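The values are calculated or read from the model by the stated rules, or taken from the named source; none is laboratory data. Note that the coordinates shown come from a computational prediction; the quantities given were computed from them, not determined experimentally. Using ideal geometry, Cβ is built from the backbone for each residue, glycine included, and neighbour counts are taken over all protein chains shown.
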Amino acid sequence: MVKRKTKSFIALIVLIAIIGVAILQFSGLKDFDLSDANVTKISFASSNNTLQGSLVLPKNVTAPPIALIVHGDGAQTRFENSNYLPLVNSLLKDGIGVFSWDKPGVGQSTGAWLQQSMSDRSDEVRAAYNKIHSLPALKNSPIGFLGFSQAGWVLPITDNEIKPAFTVIVGGAVSWRHQGAYYTKRQLEDQGLSPEQVSQKVAANLKNNDETFGNPNTATPGMRPKMNPDRFDFVVRNYNSDASPYLGSMQGPVLALWGADDKNVDPLYNQAIYKQKLHPDQEQVTAIIKHATHGLLKAQWFNYQLPSEWPLWRKGLFILMGRDAYAPRALDTIGMWINKVTHQQAN
């Protein structure tokens, strides 16, 4: 009887080991590992802040393109608590390097990201660009940007001041006000309100936001007592942000992408403005990815407005899926386009 139990226990251990190996071999867990890349810690200064980041290069690739990651909203570390790693590994597979850094006051960086305007963020991006551009080992590498969400107000400013090798903007909005109204609209729709109720509430909310945040000279945190005062000041500082004046004079190739099922930013509305403003003769193009979220993940599994809304099992699913959590063609579109425009520049 004891031998039988021992054999059963050993069989169970072997089964668990086999399942573990299968998960490691055939799941997305490997997409969260950078052991096959060359990783170097890099710091740079912007304003009075010291920003700490990581330069990740594909092995055995000479003069790879380097994509500087420009974060969206929130207190984000360089790899957004490892959530960016499937994206990073997809770029590495395409022979593209990455530089990403902790936002001010987050991770190992000094400062306070909530005290920044979009122009401040653009200054920071230019400082990062200059740092990477100055590295002797990368003197022949084309350097560009890959930005998400809030980067849609940052990178158009940046590209009016320098000419990067490429710029990719994912889920960018043109108007902060319009984006806020759309965000509220999708929230109310998910609550099951009628179209008439949604329209009335969105209009009332927008009017209230304009009165609260629209005038920096009169806005005070007491107008939104439930809101963090630093967050309130951040919104006031940036509420009137609008990328329209900058889109038409962005320099270099631009790829603007949106997810068709984006709950944060209106893809059709913003694409129409980009298409009107951008210059096709400079390889400036737009595209909407089918069945994709705000961050280009598969909408059927991951369509939430905030990462904090994800239930635990969705987080686990994302880890198991890795880069397969992204909508079909989303990552390939980015990698292929970056390689295309940088190869054209080289020739």
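A few comments on the model shown:
- Residue match in region 247-264 (condition: assigned to a helix (DSSP H, G or I), assigned by TED's automatic domain parsing to the domain that holds residue 85, of a type outside the set (Gly, Ala, Ser) and surrounded by fewer than 23 Cβ atoms within 10 Å (Cβ to Cβ)): no
- Condition check for residue 139: farther than 28 Å from residue 332 by Cβ and surrounded by fewer than 18 Cβ atoms within 10 Å (Cβ to Cβ): yes
Yes or no, residue by residue, for (1) farther than 23 Å from residue 341 by Cβ; (2) assigned by TED's automatic domain parsing to the domain that holds residue 157; (3) β-branched (Val, Ile, Thr):
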| position | (1), (2), (3) |
| --- | --- |
| 54 | yes, yes, no |
| 62 | no, yes, yes |
| 67 | no, yes, no |
| 70 | no, yes, yes |
| 74 | yes, yes, no |
| 78 | yes, yes, no |
| 81 | yes, yes, no |
| 94 | no, yes, no |
| 97 | no, yes, no |
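- Residue among 182, 269, 274 that alone is outside any loop (DSSP other than H, G, I, E, B), out of contact with any Leu (no Cβ under 7 Å at 6 or more places or on another chain), in the same structural domain as residue 105 (by TED's automatic domain parsing) and surrounded by 13 or more Cβ atoms within 10 Å (Cβ to Cβ): 269
- The residues of region 117-128 that are surrounded by 22 or more Cβ atoms within 10 Å (Cβ to Cβ) and out of contact with any helix residue (DSSP H, G or I) (no Cβ under 6 Å at 6 or more places or on another chain), listed by number, are 124, 128.
- Unmet requirement for residue 236, which otherwise passes all of (1) outside any helix (DSSP H, G or I); (2) at pLDDT 95 or above; (3) of a type in the set (Val, Ile, Thr): (1)
- Every residue from region 278-320 that is in a helix (DSSP H, G or I) and in contact with a Leu (Cβ under 9 Å, 6 or more places away or on another chain): 301, 302, 318, 319, 320
- From 104, 164, 156, residue being closer than 17 Å to residue 54 by Cβ and in contact with a Phe, Trp or Tyr (Cβ under 7 Å, 6 or more places away or on another chain): 104
- Residue 235, sole failed condition from (1) in contact (Cβ under 8 Å) with a residue 40 or more places away in the chain; (2) β-branched (Val, Ile, Thr); (3) under 20 Å from residue 117 (Cα atoms): (1)
- Which numbered condition residue 160 fails, given (1) over 25 Å from residue 293 (Cα atoms); (2) outside the structural domain of residue 69 (by TED's automatic domain parsing); (3) at pLDDT 95 or above; (4) buried (at least 16 other Cβ atoms within 10 Å of the Cβ): (2)
- Residue match in region 105-116 (condition: surrounded by fewer than 23 Cβ atoms within 10 Å (Cβ to Cβ) and closer than 15 Å to residue 67 by Cα): no
- Matching residues, region 75-104, being under 21 Å from residue 238 (Cα atoms) and crowded, with 21+ Cβ neighbours inside 10 Å: 76, 102, 103, 104
- In region 194-210, residue surrounded by the fewest Cβ atoms within 10 Å (Cβ to Cβ) [restricted to those that are charged (D, E, K, R) and without any contact (Cβ under 8 Å) to a residue 12 or more places away in the chain]: 196
- Contact map, region 304-325: residues that are in contact (Cβ under 8 Å) with a residue 12 or more places away in the chain paired with residues that are assigned to a loop (DSSP other than H, G, I, E, B), Cβ distance under 6 Å, separation 6+ or inter-chain. Pairs shown: 304/310; 305/263; 305/264; 320/27.
- Unmet requirement for residue 219, which otherwise passes all of (1) in a helix (DSSP H, G or I); (2) among the aliphatic types (A, V, I, L, M); (3) not assigned by TED's automatic domain parsing to the domain that holds residue 161: (1)
- Condition met for residue 143 (under 27 Å from residue 292 (Cβ atoms) and either modelled with pLDDT of 95 or more or out of contact with any strand residue (DSSP E or B) (no Cβ under 7 Å at 6 or more places or on another chain) (or both)): yes
- Of all residues making up region 59-75, the number that are under 20 Å from residue 325 (Cα atoms) and in a loop (DSSP other than H, G, I, E, B): 2
- Residue 72 vs. criteria at pLDDT 95 or above and either among the hydroxyl-bearing types (Ser, Thr, Tyr) or over 27 Å from residue 328 (Cβ atoms) (or both): no
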